[in-house]
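Please read the structure below before turning to the comments.
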Amino acid sequence: MMNIVHGRALAKKMEESLKKARAQFDFTPGLGIILIEGDAPSASYVERKVAKARELSMGAKVLRLSHAATTEMVIEAVQEFAGDGDIDGIIVQLPLPPHIDRNKVLSAIPIEKDVDVLSPLARARFAHEEFPILPPIVSAVQYILEAYNVHTLGREVLVLGHGILVGAPLAQFMRQCGARVTVVDQPVRDLKEFTKEAQIIICGTGVPNLLLPEHVSEGVVVIDAGMQRIDGKLVGDVHPDVALHAELFTPTPGGVGPLVVSALMKNVLILARGRQHQTT
């Protein structure tokens, strides 16, 4: 039986528990976002994060930097938030312009405020299951799989793409869950050679309609976590007709995306507990 994931409905369910968690704080948990101007999708995504934070009665500050900002200027912005006692989680909105050293910037995020789990130290601790939060995309996918009773132990999982935001953390998480994981991060001549045996396919390439109906087996679980804008319309990695063959399918838009923003807010609340303990 085909199940289409309604991410917004699931996000609302997650947010009900977040509102209860938020009510336990006697201060306002805060999110700090650094945005390099000039990228319209990034600006739109930041607006969504700020709106969700305020909807959950959380603080949100945005530091906007010119597209001409240097690596050092972005690091200074990170350090400003690091020293701000009202900020519990720091985001450097990706992607960054090519002239900015992404690794240096992410390395500057203090681990106790690394709400996206992107600094090398945070990623290493996540890989060893020693970090108190999950990358937002991982938390979102975990929530979906649990909501639909999808088991991963011993199953064949294919991850398309191995980027820092989607593919790499999800591949790591699936291994932690006991799945047999294959990662494809380069163009291949025949994608079907990899997809036909997969019981769960996770896409995070940003290549529109990469996964087609003829690529998948009946009853597959498909998580589409990739996105690209074409003529102003958000398009996923997976052709919509793949849903006709899937046991579970997350569409783009409206599938994983809404849950990622909610999972980010969950991380802010978890990290804010450190500040709460300091004040009690």
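Applying the selection to the stretch 25-41, what residues are at pLDDT below 95 and under 28 Å from Leu145 (Cβ atoms)?
Hit for the stretch 25-41 is Pro41, nothing else.
Considering each of Leu160, Leu170 in turn, give the residue that is in contact (Cβ under 8 Å) with a residue 60 or more places away in the chain, within 25 Å of Leu210 (Cβ to Cβ) and either among the basic types (Lys, Arg) or in contact with a strand residue (DSSP E or B) (Cβ under 6 Å, 6 or more places away or on another chain) (or both). Steps first, answer last, please.
Values: Leu170 fails: in contact (Cβ under 8 Å) with a residue 60 or more places away in the chain.
Unique residue meeting the criteria: Leu160.
Within the stretch 210-241, can you find the residues that are β-branched (Val, Ile, Thr), under 16 Å from Lys196 (Cβ atoms) and outside any loop (DSSP other than H, G, I, E, B)?
Filtering the stretch 210-241 down to residues β-branched (Val, Ile, Thr) leaves 216, 220-223, 230, 235, 238.
Subsequent filtering for residues that are under 16 Å from Lys196 (Cβ atoms) retains 216, 220-222, 238.
Those that are β-branched (Val, Ile, Thr), under 16 Å from Lys196 (Cβ atoms) and outside any loop (DSSP other than H, G, I, E, B): Val220, Val221, Val222, Val238.
So, in the stretch 242-267, of the ones that are of a type in the set (S, T, N, Q) and not in a loop (DSSP other than H, G, I, E, B), which residue ends up farthest from Met227 (Cα to Cα)? Break it down stepwise before answering.
First, the residues of the stretch 242-267 that are of a type in the set (S, T, N, Q): 250, 252, 262, 267.
Applying the additional criterion that residues be not in a loop (DSSP other than H, G, I, E, B) yields 250, 262, 267.
Working: Thr250: 12, Ser262: 18, Asn267: 23 Å.
Ranking the candidates gives Asn267 first.
Is there a residue being at pLDDT below 95 and acidic (Asp, Glu) anywhere in the stretch 81-99?
No - not one qualifying residue is present in the stretch 81-99.
Does the stretch 1-11 contain any residue that is assigned to a helix (DSSP H, G or I), free of Cβ contacts under 8 Å to residues at least 12 places away in the same chain and not assigned by TED's automatic domain parsing to the domain that holds Pro240? Show your work before the answer.
Taking the stretch 1-11 first, the residues assigned to a helix (DSSP H, G or I) are 7-11.
From what is left, the residues that are free of Cβ contacts under 8 Å to residues at least 12 places away in the same chain are 9.
Pick out the ones that are also not assigned by TED's automatic domain parsing to the domain that holds Pro240 and you get 9.
Scanning the stretch 1-11, I find at least one residue that is assigned to a helix (DSSP H, G or I), free of Cβ contacts under 8 Å to residues at least 12 places away in the same chain and not assigned by TED's automatic domain parsing to the domain that holds Pro240, so the answer is yes.
Limited to the stretch 172-194, what total is found for residues that are surrounded by fewer than 22 Cβ atoms within 10 Å (Cβ to Cβ) and in a helix (DSSP H, G or I)?
6
Any idea which residue in the stretch 118-154 is nearest to Gln176 (Cα to Cα), counting only those that are β-branched (Val, Ile, Thr) and out of contact with any Cys (no Cβ under 6 Å at 6 or more places or on another chain)?
So the first thing to find is which residues in the stretch 118-154 are β-branched (Val, Ile, Thr), and the list is 133, 137-138, 141, 144, 150, 152.
Subset that is out of contact with any Cys (no Cβ under 6 Å at 6 or more places or on another chain): 133, 137-138, 141, 144, 150.
Details: Ile133: 15, Ile137: 15, Val138: 12, Val141: 14, Ile144: 17, Val150: 15 Å.
Step by step, filter the stretch 118-154, then rank; the result is Val138.
The values are calculated or read from the model by the stated rules, or taken from the named source; none is laboratory data. All values derive from a computational prediction rather than experimental measurement. Because the Cβ atoms are built from the backbone with ideal geometry, glycine has one as well, and the counts that use them run over all protein chains shown.
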